[in-house]
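The values are calculated or read from the model by the stated rules, or taken from the named source; none is laboratory data. Just so we're clear, the structure is a prediction, and the values are computed from it rather than from any experiment. Quick reminder, even Gly has a Cβ in these numbers, built from the backbone with ideal geometry, and neighbours come from all protein chains shown. When the accessible area is computed, the model is the full protein with side chains, heavy atoms only, and any ligands, DNA or RNA have been set aside. Shrake-Rupley method; radii C 1.70, N 1.55, O 1.52, S 1.80 Å.
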Amino acid sequence: MPHTTPQRSLDGRLVIVRVISVATVSLGLVVATAGERQWASVPLVARLAVPTSLTDHRLAAMIIGIQFVVLGRGVLLQRWLAHRALAVVVFVGALVNAVGSHPHRVLALTGLAIGVVLVATRDASPVEPDAGRVQPALVAALGIVVTMAGATTAWVWWRHPATGGRPALGHAVRAAGGALVGADGGLTHLAGGTGRLGDLLLASTALIVLAVSVVILAPHAGPEVDAADWRQAEALAGAPSADGLTPFALRHDKVYAFSPDGRAAIGYRVVSGVALFGGDPVGDPAAFDEAVESFLEKCHESGWRPAGIGARGDRAHLWRARGLVTIGIGDEAAVDPREFRLDTPRMRNVRQAVQRSRNFGVTTEIRREGEVPSAERAGLLALAHRLWGGEGERGFSMNLDHVLTGDWPECVVVTARDADGNAVGFQRFAPTGGGRVLSLDTMVRSHDAPNGVNERMIVDVIEWARARGTTWVSMNFAAFRTLFETEDRTIVERVGYWGAHRLDRYIKVESLYRFNNKFRPEWVPRSVVLRSWVDLGWVALAAVQAEFGLEIPFGSAALARRSREILRSLPRAGR
């Protein structure tokens, strides 16, 4: 059943809220620009929610305008607090326009009407602020304001211990407090006739409010891994529906959205406000729809942008039925060991590569990761780090984590050694679906290894898998495969091919496709999933952060450490 949350059903209330949010952003831009010219030149409608007195300070006016932009964006993103805050501001503006020193009845009535509309449409903004951020942000802001007020009070009292017979301390407090909110508390006179100190204090207050608003209105931080959820997802990954990307749903940095009956789940990670999943739901295909609903509902409640990398083409309907967009980005290369034969004309290149490695005396050994001695694992991992340029492991949607740390003892590791017995490469394959599926996770080959070592390891693993009843060996992902295979390209395809060809020296897109194609695999189309093209930039940023292991906000490093501790403590179920 299609997802019908307010975010996706364009009912009248949501349309009205969107119009108000755009108007609020426009108002903010007008007010911010007014900080650079006379307030009197600003259109009258801009005074609906901003009292004229606050715009006497140019810097403060600019910051207040930016605050309205933030509020308007928060309303557009259905933030509960932004919606309520805007209603309060509009009501206050209406009151000021009704009874202030420069009353304007039309503006007062207009503001009142907008406030009533905001109250009536409050259910259209269900995303509540992250409870873990509200209190720290408010406490920090209050501390800064109190410090500024105290410092200003002390300065005034020290400079003017008595004024007009009034108690010096009380006068200093009034002057400092008034300056912080833009009122004339006598600070200008006490500061020697200049308003710069008052402007600075008012601008500081506005900046603090702006910073607090940005923090509170941000999407929720991603939750930590839950041990019970991970065990349940591990059991679901063993279902007959498992495919080449299923093992990667069990990465330590993913959390899960389950169908109501617990028969299916989606593993995802929150990166810069994007809930990023890899592959497809795991478990019972009959419950995939409910798992998608659960995931989208969680995204809607938390203010996240839902997105995915590597969704299967034949399961794109799960997302399209709910208004999301799928964009083909390439194909997974998969081989059925039962049908794989090396002694055919089509496999000539692979056969020659394998024979070349044998001529150089290369041997291979296939074991479970748990069977590889720790000292040997450390040596192989050191080889990998040298080839990775000293950096750690990367990947998200099509990689498992914790390479050769012993955390995945059931993974299959094939090691290649030269004629002297030195390791010159290794590959790791993650099993799932009760052993029916093997997915290539890591492929490492020394620069001085003989040609054909990678082909040799893959062929030997395929033969090893055939003897054990495996029916799907997933090798690699080939981005933009159809672009490379097409000969009669359109102008757009020619430009795309030119760009991909030039980038191959950095990310090996075309080289990886040609390597995969030598095995004559079955190509499984994979897509990116996102709400709309508007989200493309955000999703691309999140994907780059996740795939390349870049630091992300909101405590991701701590989350990774904690999740790894949880993962290591879990008992392993046979997959």
Heavy-atom accessible surface of segment 275-424: percent carbon and sulfur, 1.4 Å:
47 percent
Can you return the lysines within cross-link range of residue 508? Criterion is Cα-Cα under 20 Å, with same-chain partners fewer than 8 residues away left out.
518
Note down the accessible area of residue 329, probe 1.4 Å, to the nearest 10 Å².
40 Å²
Taking every alpha carbon pair in segment 190-347, what does the distance histogram look like in 5 angstrom bins from 0, in percent?
1, 8, 14, 16, 14, 10, 7, 6, 5, 5, 4, 3, 3, 2, 1, 1, 0, 0, 0
Assuming a viscosity of 1.002 mPa s and a temperature of 20 °C, what translational diffusion coefficient in µm² per second does Stokes-Einstein assign to segment 346-494, Rh being the Kirkwood radius over Cα pairs?
129 µm²/s
Of the GluC sites (Glu not before Pro) in segment 423-492, those whose Cβ has at most 13 other Cβ within 10 Å and which sit in DSSP loop
487
Run through segment 363-417 and list the GluC sites (Glu not before Pro) located in a DSSP loop whose Cβ has at most 12 other Cβ atoms within 10 Å.
391
Give me the Kirkwood hydrodynamic radius of segment 278-371, using the inverse of the mean 1/r over all pairs of distinct Cα atoms, in Å to one decimal.
17.7 Å
How much solvent-accessible surface does residue 314 expose, in Å² to the nearest 10, with a 1.4 Å probe and all protein chains in place?
100 Å²
